[in-house]
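A short worksheet on the structure shown next.
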Amino acid sequence: GVLAGSVSREVVDEAIAATGKQARRSGGKLPPHVMVYFAMAMALFADEDYEEVAVRLSETLSGWDRWEQAWSAPTSGGITQARARLGFEPVKTLFEQVAVPVADELTRGAFLGPWRLMAIDGFEWDAPDTEANVAGFGYGGSAGHATPFPKVRVVTISECASHAVVAAAMAGTATGEQTLARELWPRLEPDWLLIADRNFFNWADWRDAAAGGTQLLWRMKSSHRLPVVQALPDDSYLSFVVSPNVRNSADRARIAAAAGRGEPLDPGQATLVRVVEYTVDDRGGEPETIRLITTILDPAAAPAETLAEAYHQRWEHETGNDQLKTHLRGPGRVLRSKSPDMVRQEIYGYLLTHHALAALICRAATEADIDPDRVKFKRTVRIARRRVTDSAALSP
C-alpha cells in the first residue's frame with residue numbers, strides 16, 4: 001500500500017506507546033492509531049473537511065475484520081477532541097523513526113562517489129489566525145509590516161534524489177534557521193554529503209555538523225575572508241575558517257602560517273577547508289560568483305567541477321518544498337489547525353505522507369532506471385488519492 005510501505009501499524013503502535021498516548025478506554029471510535037493515520041489522511045485530502053477525511057479513511061480500514069462495519073464517522077467536534085488527545089508527540093516520534101533516505105545505489109543522481117547527496121533548507125507555513133497560534137508562533141514580517149497569518153518556520157534535511165525529508169525542526173519565525181538546524185545535526189550520517197546555502201554557515205555550526213563524519217558542501221558569503229593556503233590542480237584551493245574568538249591579526253597570521261606548512265590546526269581555533277569558486281551568468285544579467293567550502297580536501301575524491309554541479313542539487317530541496325506546499329496542501333493555502341500542538345501534528349502528518357509518496361516514486365524510478373524527477377509528483381498524489389480506498393492502502 002501507498003502509506004503502509006513507510007508507516008506500518010506496528011511502528012505506529014510503538015510510537016504511541018513510547019509517548020504514553022495509548023487509549024484510556026477500549027471501544028472508542030477513534031483510537032490513537034487511527035488518529036495517527038488520520039493525520040496523514042488530512043495531508044492526502046487537504047481540501048476535505050474532517051468528517052469526509054474520516055469517511056475516506058474508514059473505507060480503507062473497514063476492509064479488515066477488526067473494523068466494525070456498523071461504525072459511523074464522528075462529528076468534526078469528536079475528531080477535534082481525538083486529535084487533541086493524541087497530541088503531536090506520537091506523530092513526531094513516528095516521523096523520526098520512519099523518515100530515512102530511500103534511494104539506493106542504483107537510483108540515478110543519488111550519490112557523489114561514496115556520499116549520499118543531502119540538502120538542508122527552511123520554509124514557512126501559514127497557520128490559522130487564532131490567539132493560540134499567534135502566541136505560539138507569532139507573525140512573520142517586520143514591525144508595521146506583519147504577515148496576515150501566524151508563520152511556522154520549518155527546517156528540514158532531505159535526500160536530493162528522492163526529495164524524501166528525513167529530519168525536521170519547527171518553531172515560530174522568531175527562531176532563526178540556524179537555531180533550528182542545530183536540532184538536526186545529531187541526525188546526520190557519516191556517508192552523507194550535506195549541501196547548504198550561505199545562510200547556514202557559522203564557525204560553530206560548521207564544526208558541529210562535521211563532527212560525526214558527515215561531509216559538508218556549503219556556500220559562503222562573498223564577504224567572508226578565505227585566504228589561499230595552497231592552490232590545487234583542479235583550480236580549487238585550501239583555506240581555513242576560524243573561530244570568532246580569534247580576533248587578533250597576529251593569531252590569524254600564525255594559523256595561516258601553520259596551515260601553509262601543513263601542520264595540524266588547533267580544532268578550537270580553526271579548521272582547514274577546501275574552496276571552490278565559479279561564476280554563473282544568468283543572474284539578472286550580471287555574473288555572480290559562487291563560493292563553496294567543503295570538508296572534502298582531496299580533489300581526487302571530488303574535483304571542483306563535480307562539486308559545483310553537486311551544489312546545484314540543493315534546488316531539489318526547493319522542489320520537495322513545492323511538493324509539500326503546492327501539490328499536497330495547495331498553493332497559498334493555510335493549515336487547518338487552530339492550536340500550536342495541532343499545527344505541529346498536522347505538519348508532521350504532511351511530512352509522513354510526503355515521505356511515503358517520495359519513497360514510492362523513488363522505487364518506481366529506480367526500477368525503471370530513470371531519474372526520480374521524471375515521475376510527476378502531482379500525478380502520484382492523484383493516484384494515491386484514488387487508491388486510498390483500496391483495502392491494501394493502510395495497515396489495520
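The values are calculated or read from the model by the stated rules, or taken from the named source; none is laboratory data. Note that the structure is a prediction, hence the values are computed from the model and not measured. Methodologically, a virtual Cβ is constructed for each residue, glycine included, from the backbone with ideal geometry; neighbour enumeration extends over all protein chains shown. Areas reflect the complete protein model, heavy atoms only, side chains present, ligands, DNA and RNA absent. Shrake-Rupley method; radii C 1.70, N 1.55, O 1.52, S 1.80 Å.
May I ask you to evaluate 6.51 cos²θ - 1.76 cosθ + 1.60, the Karplus curve with θ = phi - 60°, for each residue of the range 194-203 and list the ³J(HN,Hα) values in order in whole Hz, giving x for glycine and proline?
Going residue by residue, I get 8, 9, 9, 7, 5, 6, 8, 6, 7, 4 Hz, with x marking Gly and Pro.
Helix 76-86 versus the longest principal axis of the chain: what angle, 0 to 90°, nearest 10, using Cα atoms?
Roughly 50 degrees, rounded to the nearest 10.
For the range 81-123, state what percent of all Cα-Cα pairs lands in each successive 5 Å bin, counting from 0 Å until the bin that includes the largest distance.
All Cα pairs considered, the percentages come to 5, 16, 16, 15, 16, 12, 8, 7, 5, 1.
What do you get for the angle between helix 377-387 and the principal long axis of the chain? Use alpha-carbon atoms, 0 to 90 degrees, nearest ten.
20
Measure nothing but the geometry: give the 0 to 90° angle between the long axis through the Cα atoms of 249-260 and the longest principal axis through the Cα atoms of the chain, rounded to 10°.
90
When the chain is treated as a GNM, springs tying every alpha-carbon pair under 10 Å, which of 19, 147, 156 comes out with the largest mean-square fluctuation?
147
How charged is the neighbourhood of residue 18? Take every other residue with its Cβ under 12 Å from the Cβ of residue 18, and add Lys/Arg as +1 and Asp/Glu as -1.
Working: positive: 21, 92; negative: 13, 14, 89, 96.
Neighbourhood net charge equals -2.
Quick one: plug the Kirkwood hydrodynamic radius of the chain (C-alpha pairs) into Stokes-Einstein at 25 °C, 0.890 mPa s, and report D in µm²/s. Numbers along the way, then the final one.
Numbers: Rh = 22.9 Å.
My calculation gives 107 µm²/s for D.
Sorted by average packing, counted as other Cβ atoms within 10 angstrom per residue and highest first, what order do 242-252, 356-366 take?
On the way: 242-252: 12.2, 356-366: 22.2.
By packing density, highest mean first, the sequence is 356-366, 242-252.
Pull out a ≥ b ≥ c, the square roots of the eigenvalues of the alpha-carbon gyration tensor of the range 212-271, then state rounded if a/c is under 1.5, prolate if not and a/b is larger than b/c, and oblate in the remaining case. Show your work: numbers first, answer last.
Values: a/c = 1.36, a/b = 1.21, b/c = 1.12.
Taking the square roots of the gyration eigenvalues as a ≥ b ≥ c, the range 212-271 is rounded.
Summing -39500 (n - 2.57) over the DSSP H runs of n ≥ 4 in the chain and dividing by its residue number, what mean residue ellipticity at 222 nm do you reach, to the nearest 500 deg cm²/dmol?
Theoretical 222 nm ellipticity from helices: -11000 deg cm²/dmol.
Rounded to the nearest 20 debye, what is the charge dipole size of the range 235-306 about its Cα centre when +1 sits on each Lys and Arg Cβ and -1 on each Asp and Glu Cβ?
Details: 7 positive and 11 negative charges, 99 e Å.
So the dipole magnitude of the range 235-306 works out to roughly 480 debye.
Please give the residues of the range 195-235, grouped as numeric ranges, whose backbone N is less than 20 Å from a label point set 7 Å along the Cα-to-Cβ vector of residue 249.
From the range 195-235, the list is 223-229.
With a 1.4 Å probe and all protein chains left in place, how much accessible area per residue does the range 86-220 have, in Å²?
Numbers: 4950 Å² over 135 residues.
So the range 86-220 comes to 37 Å² accessible per residue, rounded to a whole number.
Could you tell me the relative contact order of the chain? Use alpha-carbon pairs under 8 Å, at least six residues apart, and round to a whole percent. Can you show the working numbers first?
On the way: 693 pairs, mean separation 101.0, N = 396.
Relative CO of the chain lands at 25 percent.
Using amide H atoms built in the peptide plane, which far-off residues or other-chain residues are under 5 Å from residue 295 H to H?
The list, which skips near neighbours in sequence, is 216.
Sorted by average packing, counted as other Cβ atoms within 10 angstrom per residue and highest first, what order do 340-347, 7-14, 270-277 take? If you can, show how the numbers build up before the last one.
Working: 340-347: 22.8, 7-14: 17.4, 270-277: 21.2.
Going by the mean number of other Cβ atoms within 10 Å, highest first, we get 340-347, 270-277, 7-14.
Quick one: compute a quarter of the convex hull surface over the Cα atoms of the range 117-163 and quote it in nm². Could you put the intermediate results ahead of the total?
Working: hull surface 16.3 nm².
For the range 117-163, the mean projected area of the Cα convex hull comes to 4.1 nm².
For the pair residue 97/residue 131, report the inter-label distance in nm, with labels modelled 7 Å from Cα in the Cβ direction.
Using points 7 Å along Cα→Cβ, the separation is 3.7 nm.
Based on the Cβ-Cβ distance of residue 202 and residue 309, what FRET efficiency does E = 1/(1 + (r/R0)^6) give at R0 = 30 Å, to the nearest 0.05?
Numbers: r = 26 Å, r/R0 = 0.86.
After rounding, the FRET efficiency stands at 0.70.
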